[in-house]
Amino acid sequence: MAVNINTVYQTVLYIINKEQRGYITPAEFNSLADQVQDEIFQSYFPDGNQLNRLNQNNTQNDTEFFNIFKNIDYKLYPFENEVSFFYDTTNLIWQYTNPNNVASAGQIYLIGDIVSTYNSNSVSTKPNSVSNSFQSSITQLASRSDYNKIIRSKLTAPTRQYPLSYKSNYLNTIALKVFPQPDTLSVNCIFKPSKPSWGFQPGNLGQYIYSPSASINFQLDISEQNNLVINILKYCGIIINDPTIIQVAEQEAQQVSINKKS
(Lines give C-alpha, C1' and ligand atoms only; values in the text may rest on other atoms or scores of the structure.)
Protein backbone atom coordinates (compact mmCIF):
# COMPACT_ATOMS: atom_id res chain seq x y z
CA MET A 1 0.00 0.00 0.00
CA ALA A 2 1.44 3.35 -1.08
CA VAL A 3 1.61 6.51 1.04
CA ASN A 4 -1.06 9.12 0.36
CA ILE A 5 0.63 12.40 -0.55
CA ASN A 6 -2.16 14.56 0.89
CA THR A 7 -1.81 12.87 4.29
CA VAL A 8 1.90 13.67 4.35
CA TYR A 9 1.44 17.26 3.15
CA GLN A 10 -1.29 18.05 5.68
CA THR A 11 0.81 16.53 8.49
CA VAL A 12 3.82 18.62 7.49
CA LEU A 13 1.72 21.79 7.30
CA TYR A 14 0.14 21.10 10.68
CA ILE A 15 3.51 20.67 12.38
CA ILE A 16 5.23 23.74 10.93
CA ASN A 17 2.13 25.92 11.37
CA LYS A 18 1.43 24.83 14.93
CA GLU A 19 3.37 27.83 16.26
CA GLN A 20 3.03 29.99 13.13
CA ARG A 21 6.55 29.10 12.04
CA GLY A 22 5.96 29.35 8.31
CA TYR A 23 4.33 27.82 5.25
CA ILE A 24 5.46 25.47 2.48
CA THR A 25 3.86 25.95 -0.94
CA PRO A 26 2.77 22.94 -3.03
CA ALA A 27 5.66 23.52 -5.44
CA GLU A 28 8.17 23.55 -2.59
CA PHE A 29 6.58 20.50 -1.00
CA ASN A 30 6.62 18.54 -4.27
CA SER A 31 10.35 19.22 -4.72
CA LEU A 32 11.10 18.11 -1.16
CA ALA A 33 8.82 15.08 -1.49
CA ASP A 34 10.69 13.88 -4.58
CA GLN A 35 14.08 14.42 -2.90
CA VAL A 36 13.12 12.58 0.30
CA GLN A 37 11.43 9.68 -1.52
CA ASP A 38 14.57 9.20 -3.62
CA GLU A 39 16.81 9.29 -0.52
CA ILE A 40 14.73 6.64 1.25
CA PHE A 41 14.58 4.47 -1.89
CA GLN A 42 18.35 4.60 -2.42
CA SER A 43 19.02 3.83 1.25
CA TYR A 44 17.50 0.34 0.79
CA PHE A 45 20.54 -0.90 -1.13
CA PRO A 46 23.41 -0.12 1.30
CA ASP A 47 21.14 -1.05 4.21
CA GLY A 48 20.32 -4.35 2.50
CA ASN A 49 24.02 -5.07 1.96
CA GLN A 50 24.76 -4.39 5.60
CA LEU A 51 21.92 -6.61 6.81
CA ASN A 52 22.88 -9.38 4.37
CA ARG A 53 26.24 -9.63 6.14
CA LEU A 54 24.29 -10.38 9.33
CA ASN A 55 22.53 -13.18 7.45
CA GLN A 56 25.88 -14.63 6.38
CA ASN A 57 27.09 -14.55 9.98
CA ASN A 58 23.83 -16.11 11.22
CA THR A 59 23.20 -13.08 13.46
CA GLN A 60 20.06 -11.84 11.68
CA ASN A 61 16.63 -12.24 13.25
CA ASP A 62 14.76 -14.77 11.11
CA THR A 63 11.31 -14.73 12.73
CA GLU A 64 8.37 -14.22 10.39
CA PHE A 65 7.74 -10.48 10.80
CA PHE A 66 11.05 -9.26 12.26
CA ASN A 67 13.62 -10.09 9.59
CA ILE A 68 14.71 -6.59 8.51
CA PHE A 69 16.50 -7.87 5.39
CA LYS A 70 13.26 -9.49 4.18
CA ASN A 71 11.35 -6.31 5.08
CA ILE A 72 13.60 -4.24 2.81
CA ASP A 73 13.18 -6.80 0.03
CA TYR A 74 9.41 -6.49 0.50
CA LYS A 75 9.62 -2.69 0.22
CA LEU A 76 11.48 -3.05 -3.08
CA TYR A 77 8.94 -5.47 -4.53
CA PRO A 78 6.68 -2.75 -6.09
CA PHE A 79 9.68 -1.43 -8.02
CA GLU A 80 10.75 -4.80 -9.44
CA ASN A 81 9.45 -5.81 -12.84
CA GLU A 82 10.51 -8.07 -15.68
CA VAL A 83 10.37 -6.15 -18.94
CA SER A 84 11.04 -6.92 -22.59
CA PHE A 85 13.71 -5.07 -24.52
CA PHE A 86 13.28 -4.46 -28.25
CA TYR A 87 16.01 -4.80 -30.84
CA ASP A 88 17.12 -1.64 -32.64
CA THR A 89 18.16 -2.88 -36.09
CA THR A 90 19.80 0.45 -36.91
CA ASN A 91 22.12 0.68 -33.91
CA LEU A 92 22.28 -3.12 -33.31
CA ILE A 93 21.42 -2.84 -29.62
CA TRP A 94 18.59 -3.91 -27.31
CA GLN A 95 16.67 -1.05 -25.73
CA TYR A 96 13.93 -0.50 -23.18
CA THR A 97 11.37 2.19 -23.80
CA ASN A 98 8.59 3.34 -21.53
CA PRO A 99 5.41 1.63 -22.81
CA ASN A 100 2.73 4.10 -23.89
CA ASN A 101 5.15 6.93 -22.97
CA VAL A 102 3.65 7.27 -19.50
CA ALA A 103 5.11 10.47 -18.05
CA SER A 104 4.86 9.27 -14.45
CA ALA A 105 6.53 5.91 -15.08
CA GLY A 106 9.83 5.38 -13.31
CA GLN A 107 13.20 4.87 -14.98
CA ILE A 108 15.35 1.75 -14.70
CA TYR A 109 17.60 2.01 -11.64
CA LEU A 110 19.23 -1.43 -11.57
CA ILE A 111 19.41 -4.39 -13.93
CA GLY A 112 19.10 -7.91 -12.52
CA ASP A 113 18.86 -11.19 -14.42
CA ILE A 114 19.02 -10.92 -18.22
CA VAL A 115 17.32 -13.77 -20.09
CA SER A 116 18.12 -14.36 -23.77
CA THR A 117 15.77 -16.60 -25.75
CA TYR A 118 16.84 -18.29 -28.98
CA ASN A 119 14.66 -19.92 -31.60
CA SER A 120 16.38 -22.82 -33.34
CA ASN A 121 14.82 -21.88 -36.68
CA SER A 122 16.41 -18.42 -36.79
CA VAL A 123 19.70 -18.86 -34.91
CA SER A 124 22.54 -21.00 -36.17
CA THR A 125 23.37 -24.01 -34.01
CA LYS A 126 26.31 -23.63 -31.62
CA PRO A 127 28.43 -26.51 -30.25
CA ASN A 128 26.78 -26.24 -26.80
CA SER A 129 23.24 -25.69 -28.01
CA VAL A 130 20.34 -28.03 -27.28
CA SER A 131 17.80 -29.54 -29.66
CA ASN A 132 14.72 -27.83 -28.21
CA SER A 133 12.65 -25.54 -30.41
CA PHE A 134 13.74 -22.62 -28.24
CA GLN A 135 16.25 -22.03 -25.48
CA SER A 136 16.29 -19.44 -22.70
CA SER A 137 19.59 -18.68 -21.02
CA ILE A 138 20.72 -16.40 -18.20
CA THR A 139 23.02 -13.84 -19.78
CA GLN A 140 26.15 -12.68 -18.01
CA LEU A 141 26.61 -8.92 -17.73
CA ALA A 142 30.20 -7.77 -18.26
CA SER A 143 32.01 -4.49 -18.78
CA ARG A 144 32.43 -3.36 -22.36
CA SER A 145 36.18 -4.03 -22.33
CA ASP A 146 35.72 -7.55 -20.95
CA TYR A 147 32.93 -8.19 -23.47
CA ASN A 148 35.19 -7.25 -26.39
CA LYS A 149 37.97 -9.51 -25.11
CA ILE A 150 35.77 -12.52 -24.38
CA ILE A 151 33.91 -12.65 -27.71
CA ARG A 152 37.25 -12.63 -29.57
CA SER A 153 38.62 -15.61 -27.69
CA LYS A 154 38.13 -19.11 -29.10
CA LEU A 155 38.24 -20.60 -25.61
CA THR A 156 35.78 -18.23 -23.92
CA ALA A 157 33.51 -17.26 -26.83
CA PRO A 158 29.88 -17.02 -25.62
CA THR A 159 27.30 -19.57 -26.77
CA ARG A 160 23.52 -19.78 -26.65
CA GLN A 161 23.81 -21.58 -23.32
CA TYR A 162 26.20 -18.96 -21.94
CA PRO A 163 25.52 -15.64 -23.71
CA LEU A 164 27.30 -12.43 -22.77
CA SER A 165 26.20 -8.78 -22.66
CA TYR A 166 27.33 -5.31 -21.67
CA LYS A 167 25.33 -2.22 -20.71
CA SER A 168 25.47 1.19 -22.31
CA ASN A 169 23.34 4.31 -22.59
CA TYR A 170 21.66 5.40 -25.80
CA LEU A 171 19.60 8.59 -25.94
CA ASN A 172 19.26 8.56 -22.13
CA THR A 173 17.86 5.02 -22.11
CA ILE A 174 19.33 1.70 -21.00
CA ALA A 175 20.80 -0.28 -23.89
CA LEU A 176 22.30 -3.79 -24.01
CA LYS A 177 24.59 -5.49 -26.49
CA VAL A 178 24.21 -9.28 -26.45
CA PHE A 179 26.22 -12.06 -28.07
CA PRO A 180 25.13 -14.41 -29.56
CA GLN A 181 22.26 -12.34 -30.84
CA PRO A 182 18.98 -13.60 -29.25
CA ASP A 183 15.49 -13.51 -30.72
CA THR A 184 13.93 -12.01 -27.61
CA LEU A 185 15.39 -10.42 -24.50
CA SER A 186 13.74 -9.99 -21.09
CA VAL A 187 15.35 -8.25 -18.13
CA ASN A 188 14.47 -8.20 -14.44
CA CYS A 189 14.78 -4.55 -13.39
CA ILE A 190 14.42 -2.30 -10.37
CA PHE A 191 12.69 0.94 -11.36
CA LYS A 192 13.03 4.29 -9.63
CA PRO A 193 9.83 5.57 -7.98
CA SER A 194 7.73 8.00 -9.94
CA LYS A 195 7.91 11.63 -8.85
CA PRO A 196 5.21 12.38 -6.24
CA SER A 197 3.03 15.42 -6.78
CA TRP A 198 0.43 17.16 -4.63
CA GLY A 199 -2.03 18.45 -7.21
CA PHE A 200 -4.58 21.17 -6.57
CA GLN A 201 -7.28 23.41 -7.98
CA PRO A 202 -7.38 27.13 -7.08
CA GLY A 203 -10.32 28.09 -4.83
CA ASN A 204 -12.47 31.20 -4.94
CA LEU A 205 -10.14 32.99 -2.54
CA GLY A 206 -6.99 31.79 -4.30
CA GLN A 207 -6.43 28.98 -1.83
CA TYR A 208 -5.05 25.58 -2.80
CA ILE A 209 -7.71 22.84 -2.89
CA TYR A 210 -6.38 19.28 -3.03
CA SER A 211 -7.17 17.43 -6.26
CA PRO A 212 -6.73 13.63 -6.04
CA SER A 213 -7.04 13.24 -9.81
CA ALA A 214 -4.16 15.68 -10.39
CA SER A 215 -1.93 14.12 -7.72
CA ILE A 216 0.62 11.31 -7.69
CA ASN A 217 1.05 9.48 -4.40
CA PHE A 218 4.35 8.30 -2.99
CA GLN A 219 5.23 4.84 -4.24
CA LEU A 220 6.99 3.85 -1.03
CA ASP A 221 5.41 1.34 1.33
CA ILE A 222 2.97 2.69 3.92
CA SER A 223 5.52 1.88 6.65
CA GLU A 224 7.65 4.76 5.34
CA GLN A 225 5.03 7.45 6.05
CA ASN A 226 6.70 8.60 9.29
CA ASN A 227 10.11 8.72 7.59
CA LEU A 228 8.69 10.84 4.80
CA VAL A 229 7.15 13.34 7.22
CA ILE A 230 10.28 13.56 9.39
CA ASN A 231 12.72 14.02 6.52
CA ILE A 232 10.53 16.50 4.65
CA LEU A 233 10.28 18.54 7.87
CA LYS A 234 14.09 18.60 8.04
CA TYR A 235 14.24 20.33 4.66
CA CYS A 236 11.27 22.57 5.52
CA GLY A 237 13.29 23.92 8.45
CA ILE A 238 15.98 25.01 5.99
CA ILE A 239 13.46 26.74 3.72
CA ILE A 240 11.72 28.68 6.49
CA ASN A 241 15.02 29.19 8.36
CA ASP A 242 13.95 27.46 11.56
CA PRO A 243 16.84 25.54 13.15
CA THR A 244 14.53 24.06 15.78
CA ILE A 245 12.61 22.06 13.17
CA ILE A 246 15.87 20.91 11.58
CA GLN A 247 17.33 19.76 14.89
CA VAL A 248 14.23 17.88 16.05
CA ALA A 249 13.69 16.23 12.65
CA GLU A 250 17.35 15.15 12.40
CA GLN A 251 17.28 13.65 15.89
CA GLU A 252 14.09 11.75 15.12
CA ALA A 253 15.42 10.51 11.76
CA GLN A 254 18.64 9.35 13.42
CA GLN A 255 16.73 7.48 16.09
CA VAL A 256 14.55 5.75 13.48
CA SER A 257 17.68 4.66 11.58
CA ILE A 258 19.30 3.30 14.75
CA ASN A 259 16.14 1.36 15.66
CA LYS A 260 16.02 -0.22 12.20
CA LYS A 261 19.64 -1.40 12.22
CA SER A 262 20.05 -2.38 15.85
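The values are calculated or read from the model by the stated rules, or taken from the named source; none is laboratory data. Since the model is a prediction, treat every value here as computed from it, not as a measurement. Heads up, the Cβs are rebuilt from the backbone with ideal geometry, glycines too, and the neighbour counts pull from every protein chain shown. Note: areas computed on protein heavy atoms with side chains; ligands, DNA, RNA excluded. Shrake-Rupley method; radii C 1.70, N 1.55, O 1.52, S 1.80 Å.
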Can you find even one residue in the range 157-179 that is over 27 Å from the mean Cα position of the chain (by Cα) and hydroxyl-bearing (Ser, Thr, Tyr)? yes
Need at least 1 residues that are at pLDDT 95 or above, among the aromatic types (Phe, Trp, Tyr) and open to solvent by less than 30 Å² (accessible area, probe 1.4 Å) per element, so show me which strands (runs of 3 or more DSSP E) inside the range 147-213 make the cut, counting only ones lying wholly within it. 164-170
Gln42 fails exactly one of (1) open to solvent by less than 30 Å² (accessible area, probe 1.4 Å); (2) in a helix (DSSP H, G or I); (3) at pLDDT 90 or above, namely (1)
Residue count for the range 48-94, restricted to those that are over 21 Å from Phe191 (Cα atoms) and either touching a helix residue (DSSP H, G or I) at 6+ places or on another chain (Cβ under 9 Å) or modelled with pLDDT under 80 (or both): 19
